[in-house]
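Below is one structure, written out as structure tokens; comments come after it.
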Amino acid sequence: MDGSATPAAQLGTGQAKTGGNTGTISAVIYICGDCHRENEIRPKDPIRCRECGYRILYKKRTRKMMVYDAR
């Protein structure tokens, strides 16, 4: 057996098992509960509207259709 049978051993430093693309940090779009403006929130940003300062934000609904198999 060679070393190719263990995929976890082939990961480099700083790479995750889910893809290894740790260089890009994506922002998520939230909608303010008061002024209804769209806000891009990154992981270290405070949870606060950039326009009015309101602290209740709602995640924007995705356009991708999700189908779940209920049993």
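Each reported figure results from applying straightforward, stated rules to the coordinates on display, with no laboratory input. Keep in mind that this is a model prediction, so the values were computed, not measured. Note: ideal-geometry Cβ built from the backbone for every residue, glycine included; neighbour counts use all protein chains shown.
Here are a few things to note about the model shown:
- Long-range HN-HN contacts of R37 with modeled amide H, under 5 Å: C32
- Inter-label distance for E40 and Y58, nm, one decimal - labels placed 7 Å from Cα along Cα-to-Cβ: 2.3
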